[in-house]
Every structure is written in structure tokens, then in C-alpha cells.
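Reading through the C-alpha cells given below for one structure.
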Amino acid sequence: MFAQLAESLPAILAFLSIGGGIATMIFFAAIVTPTAFQTLGEDQAGPFVRALFPLYYLFFLILAALATLFTLLAGAEIAAILLAVVTGGFAYGRFLLMPEIERAREAGEVERRRRLHRRSVLINTIQLAGFLVALLLLAGRV
């Protein structure tokens, strides 16, 4: 029995980490951000949400890296490769894109900040789709 549990543990952890990533991304986009802007108003919500984003990216960078590892250990190599790309997207967002957006905001470059923000939303949407596809690939493997 212990051997069976040890064999299925990577798949269980992969499902939990991928599913947790999907749920948290949807919760943040659908609940946290709109509620912040509705409750706090633009002047206070902007700084609040900007303060959350370094933690958001770091959290997802770690979660996606763990999901990649667990998925690889579960034997779903294609899903693991996809998750590695998702992980890279979070690293790009945290260490390159987010600071660039902040520099554009501080410099008053409204159009550039808007363009970079659209890029971050697009990447985030692709990452969510990546999590979903990886979950389906893993489910087909197990």
C-alpha cells in the first residue's frame, strides 16, 4: 500500500499544484482586483494592487516550478515542458516586465505603460491556458 501511495504521490501533488494555480489565478483576476478597485477607488487600489504583484509573481513562480517538478515525476513529460514555459513566464513577469511597467508609470509614459500592461494580461491569460492544458495532459497520463 505504501508503495502505491509513493508511486501516485507525484501525480497527486501535480494535480494539487496545477489546480491551485488555476483557482488562485482566477480568484485574483475575478475577485481580488475588481473588489480592490470597487472598494478602495482608483487612487488607493492602484498602489494596493501594485504592492501585491511582486508577491503574486513570486508565489506563482514557486508554484509553477513545483508543478513542473511534480508533473515530471508523475511521468507527464509534455505537460512538464509546458509548465516549465509557464514558470519562465512568471520569472519574466516578476523580474523584467513588472519593473518595466513600474518605470513607465513613474515616467508618466501612459501609452507605454498601457502597452506593457496589455502584454502582462496576455501572458497571464496564456499561462492560465497553459495550466489548464497541463492539467488535461496530466489527467490523460494518469
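Spot the failing condition for ARG94; the list is (1) surrounded by fewer than 18 Cβ atoms within 10 Å (Cβ to Cβ); (2) closer than 16 Å to MET25 by Cα; (3) of a type in the set (D, E, K, R), and only one is missed.
Answer for ARG94: the failing condition is (1).
Among ILE78, ILE22, which is the only one that is under 18 Å from the mean Cα position of the chain (by Cα), modelled with pLDDT of 95 or more, among the β-branched types (Val, Ile, Thr) and part of a helix (DSSP H, G or I)?
Answer to the selection: ILE22.
For segment 35-70, what are the residues that are in contact with a helix residue (DSSP H, G or I) (Cβ under 7 Å, 6 or more places away or on another chain) and more than 30 Å from LEU138 (Cβ to Cβ)?
Within segment 35-70, ALA36, PHE37, LEU40, ALA45, PHE48, VAL49 meet the criteria.
Among the candidates ARG114, ARG105, which residue alone is in a helix (DSSP H, G or I), touching a helix residue (DSSP H, G or I) at 6+ places or on another chain (Cβ under 8 Å) and of a type in the set (D, E, K, R)?
Testing whether each residue is in a helix (DSSP H, G or I), touching a helix residue (DSSP H, G or I) at 6+ places or on another chain (Cβ under 8 Å) and of a type in the set (D, E, K, R) leaves just ARG105.
Would you point out which residue out of ILE78, ILE62, ILE126 is loosely packed, with under 14 Cβ neighbours inside 10 Å, in contact (Cβ under 8 Å) with a residue 12 or more places away in the chain and not aromatic (Phe, Trp, Tyr)?
Exactly one residue qualifies, and that residue is ILE126.
The values are calculated or read from the model by the stated rules, or taken from the named source; none is laboratory data. Here the structure is a predicted model, which is why all the values come from computation and not from measurement. Backbone-built Cβ (ideal geometry, glycine too); neighbour counts: all protein chains shown.
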